[in-house]
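**Student:** This is the structure I want to talk about, given as structure tokens.
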Amino acid sequence: MQVRTTRRGIPLTELGFGTAPLAGLFTPVSDEQAAATVDAAWEAGFRYFDTAPHYGLGLAERRLGAALAGRPRDEVVVSTKVGRLLVPNPGGEDRLDDNGYAVPASVRRRFDFSRDGVLRSLEESLGRLGLDRVDIVYLHDPAEHWEAASTTGVDTLVELRDQGVIRAIGVGMNQSAMLTEFVRRTDIDLVLVAGRYSLLEQGALADLLPAAAERGVDVVAGGIYNSGLLGRQRPAEDATYDYAPVPADIRARVVRLAEACEAAGTTLPVAATRFPLRNRQITSAVLGLRSPDEVAEAVRRATAPLPDGLWPALVGAGLLDPREGER
């Protein structure tokens, strides 16, 4: 597994492990399967693991912490997120979480980007992870909370970074416009952009990536399969896009992408896996994985040979931003 180092000296494996599926995103996952998946990822060379309280109402953090216990702490990079506190939800234990995770809703999420909220969130994450420190902390999905997140949220993380409590700070979102504003107006080290720099769409080329280059901010690409839409050779009937049913025009574009990839001599999932890391500005591409088989398939896709002329062919077909043909 190749490594790309951030400007703050943090070594991220080119493929990062996203833990949302381990917490039962859409489909239940057992403790045993979660542990086996992290074990397989470790053996495959993954050393960057991303998690969040949001994922399965804390379950992802607990499972990741248990799976990493006993492994050399200095060999792994762990990122988590702040901005959502988990608070009691009386009566919720009898129904499932309403954010798509197959877990009891015994707690609920409450947005909080205040200093106290950020500190409490990080402390509780460390408890669930069983760690005394994490390497990277992102402000998570502050779309409706710009004022608090860009002031007290960032200021608190800067304080923790300056004290050496964490190594780097950032923001994670599924849009590029507000991430760009964080890059331009705050003192963050990196961003995690989900779904907006993928084989399907390259909106971040217009705003986020130029701003990050100018300000010296690292970029991690998440959601590179756009909610799983690019993870199969053809979109499944129940495929989702941004965690919702796929619009007809998006589905049609994905089918065209798949056909163009096959005509060039590869497959849609292979091209989608390889695409973001062509850009040296991308420090890591995070994949959500839920089984050892998915880990093995991700590695196979990341190392599969690519046919000559694939990217220019996709540009020529109007399926890729023209700037991507220049790489």
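Coordinate-derived values only; no laboratory data. Predicted, not measured: the structure shown is a model, and the values here were computed from it. All Cβ positions, even for glycine, are placed from backbone atoms using ideal geometry, and neighbour counts span all protein chains on display.
**Student:** When averaged across all projection directions, what area in nm² does the alpha-carbon convex hull of the chain cover?
**Tutor:** Its Cα hull, projected and averaged over all orientations, spans 15.7 nm².
**Student:** May I pose another question? Taking neighbour counts of Cβ atoms within 10 Å as a proxy for exposure, in what order, fewest first, do Ser125, Ser150 appear?
**Tutor:** With the sparsest Cβ surroundings first, the list reads Ser150, Ser125.
**Student:** I need to check one value: relative contact order of the chain, counting alpha carbon pairs closer than 8 Å and at least 6 residues apart, in percent.
**Tutor:** 17 percent
**Student:** OK, next. Taking R0 as 56 Å, what's the FRET efficiency between Glu259 and Asp187 from their Cβ-Cβ distance, rounded to 0.05?
**Tutor:** 0.80
**Student:** Here's another thing I want to ask about it. What order do you get for Thr267, Thr51, Thr303, Thr180 when you list them from fewest to most C-beta neighbours inside 10 Å?
**Tutor:** Fewest-to-most Cβ neighbours within 10 Å comes out as Thr303, Thr267, Thr180, Thr51.
**Student:** In 10 Å bins starting at 0, how do the alpha-carbon pair distances of segment 83-144 split up by percent?
**Tutor:** 20, 44, 33, 3
**Student:** Based on Cβ point charges of +1 for Lys and Arg and -1 for Asp and Glu, what charge dipole magnitude is obtained for the chain about its Cα centre, in debye rounded to the nearest 20?
**Tutor:** Value, rounded to 20: 440 debye.
**Student:** What angle do you read, to the nearest 10 degrees and between 0 and 90, between the alpha-carbon axis of helix 248-264 and the longest principal axis of the chain?
**Tutor:** Roughly 60 degrees, rounded to the nearest 10.
**Student:** Find how many whole Å separate the alpha carbon centroid of segment 105-151 from the alpha carbon centroid of segment 1-67.
**Tutor:** That distance is 18 Å.
**Student:** Counting only C-alpha contacts under 8 Å and six or more residues apart, can you give the relative contact order of segment 72-180 as a whole percent?
**Tutor:** With pairs under 8 Å counted, the relative contact order is 28 percent.
**Student:** Around Asp321, under 14 Å between beta carbons, what's the net of Lys plus Arg minus Asp minus Glu among the other residues?
**Tutor:** +1
**Student:** Still on this structure: Could you work out the relative contact order of segment 14-157? I mean the mean sequence separation of Cα pairs under 8 Å and 6+ apart, divided by the number of residues, in percent.
**Tutor:** Over segment 14-157, the number comes to 25 percent.
**Student:** Within 11 Å, Cβ to Cβ, of Val286, how many net charges do the neighbouring residues add up to if Lys/Arg are +1 and Asp/Glu are -1?
**Tutor:** Net charge around Val286: -2.
**Student:** List the extent of the Cα atoms of segment 1-83 along each of their three principal axes, largest first, rounded to whole Å.
**Tutor:** Cα spread of segment 1-83 along its principal axes, largest to smallest: 36, 31, 22 Å.
**Student:** Which whole-number value in Å³ per residue fits the convex hull of the alpha carbons of segment 39-146?
**Tutor:** Residue-normalised Cα hull volume stands at 117 Å³.
**Student:** Arrange Asp97, Asp321 by Cβ neighbour counts within 10 Å, fewest through most, would you?
**Tutor:** The fewest-first ordering by Cβ neighbours comes to Asp321, Asp97.
**Student:** In Å, what Rg and Dmax follow from the Cα atoms of segment 167-304?
**Tutor:** Every Cα atom of segment 167-304 included, Rg and Dmax give 15.3, 45 Å.
**Student:** While we're looking at this one, here's another question. Apply 1/(1 + (r/R0)^6) to the Cβ-Cβ distance of Ala244 and Asp321, taking R0 = 30 Å, and write down the FRET efficiency to the nearest 0.05.
**Tutor:** 0.80
**Student:** Pick out, from Val78, Leu25, Gly65, the residue whose Cα sits farthest towards the positive end of the charge dipole of segment 1-117, with +1 on the Cβ of Lys and Arg and -1 on the Cβ of Asp and Glu.
**Tutor:** Farthest along the dipole direction, towards plus: Val78.
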